[in-house]
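The structure appears below as structure tokens.
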Amino acid sequence: MAITTKDLQHLLALIAGDIAAHRDHLCELDGAIGDGDHGLAMDAGCEAAAKAVAALDPVQAAPTAAFNAAAKAFLNAVGASSGPLYATAFMRAGAAVKGRPELSDDDFVRAFSAMAQGIQERGKAEPGEKTMVDAWRPAADAALHAWADGAALRQSLDMAERAARQGCEATKDMTAAKGRASRLGERVIGHVDPGAASAAIIIASIAKFVRHHDG
């Protein structure tokens with residue numbers, strides 16, 4: 001079943017709603033090892049992205065235009081590190097499906113994978129460094145492997161969601177190699193990385209969207 005720009009409008013609204021619902025919790029996580037505003041930043045970025053995409057004419061605008069609008073709005077709303085990372089993610093997703101009037105399941109998997117790749121390259125981070133990459137990379141790998149093995153889009157994104165949750169949980173046992181948390185050394189052990197936590201929420205939203213769309 002094709003995924004249209006109208007569907008992407010629903011997806012961005014879903015992500016914004018789920019992040020808003022977890023905003024205070026994300027701030028609490030960030031307060032333990034950062035400056036306590038991650039939830040506010042993600043809420044602002046996702047809400048701005050959802051509004052920008054909602055403003056597009058879903059008949060006239062191709063999916064690439066939706067991803068690019070989300071990228072620009074997120075970056076304008078969030079100056080902190082998550083702004084450029086998610087802007088890059090959305091730009092890469094748009095580039096991965098350039099020229100497509102609507103997205104096939106295969107296109108959607110490629111866009112999802114491109115988001116993870118964009119975040120990893122822009123952040124210059126590897127798994128194990130206690131960042132959002134610890135959720136995004138395993139999620140993209142799980143989706144790609146499941147898809148290559150013949151799983152449906154729904155199952156592929158369910159696998160991605162599970163991998164993201166496990167990756168997020170694993171950040172508890174890590175020291176941080178990047179950002180403000182890296183200055184705290186061993187003191188960050190025992191705390192989930194807030195960027196990985198928000199990534200897991202977004203990936204869960206994407207999986208939920210696919211379940212509803214396929215249902």
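The values are calculated or read from the model by the stated rules, or taken from the named source; none is laboratory data. These numbers come from a predicted model, not from an experiment. Cβ atoms come from the backbone with ideal geometry, glycine included; neighbour counts cover every protein chain shown. Protein only, heavy atoms only, side chains kept; ligands, DNA and RNA dropped before computing areas. Shrake-Rupley method; radii C 1.70, N 1.55, O 1.52, S 1.80 Å.
Highlighted here are the helices (runs of 4 or more DSSP H) found entirely within the stretch 101-192 that include at least 2 residues which are aromatic (Phe, Trp, Tyr): 105-123, 133-148. Of the residues making up the stretch 54-64, not a single one is within 25 Å of GLY195 (Cβ to Cβ), part of a helix (DSSP H, G or I) and open to solvent by less than 30 Å² (accessible area, probe 1.4 Å).
Just one residue in the set GLY36, GLY17 is surrounded by fewer than 23 Cβ atoms within 10 Å (Cβ to Cβ) and modelled with pLDDT under 95; that residue is GLY36. There is no residue in the stretch 113-126 that is in contact with a helix residue (DSSP H, G or I) (Cβ under 8 Å, 6 or more places away or on another chain), β-branched (Val, Ile, Thr), within 23 Å of LEU75 (Cβ to Cβ) and open to solvent by 10 Å² or more (accessible area, probe 1.4 Å). Taking first residues from the stretch 114-132 that are at positive phi and partners that are open to solvent by less than 50 Å² (accessible area, probe 1.4 Å) and not in a loop (DSSP other than H, G, I, E, B), the Cβ contacts under 6 Å between residues at least 6 apart in sequence or on separate chains come to LYS130/THR171. From ALA181, ALA164, grab the single residue that is modelled with pLDDT of 90 or more and either of a type in the set (S, T, N, Q) or closer than 20 Å to ARG23 by Cα (or both). When all the criteria are applied, what remains is ALA164.
For ALA44, indicate whether it is open to solvent by 20 Å² or more (accessible area, probe 1.4 Å), modelled with pLDDT of 95 or more, of a type in the set (A, V, I, L, M) and part of a helix (DSSP H, G or I). Against the criterion (open to solvent by 20 Å² or more (accessible area, probe 1.4 Å), modelled with pLDDT of 95 or more, of a type in the set (A, V, I, L, M) and part of a helix (DSSP H, G or I)), ALA44 qualifies.
For the stretch 83-101, the criterion of a residue being more than 19 Å from CYS46 (Cβ to Cβ) and touching a residue at least 40 places away in the same chain (Cβ under 8 Å) is satisfied by no position.
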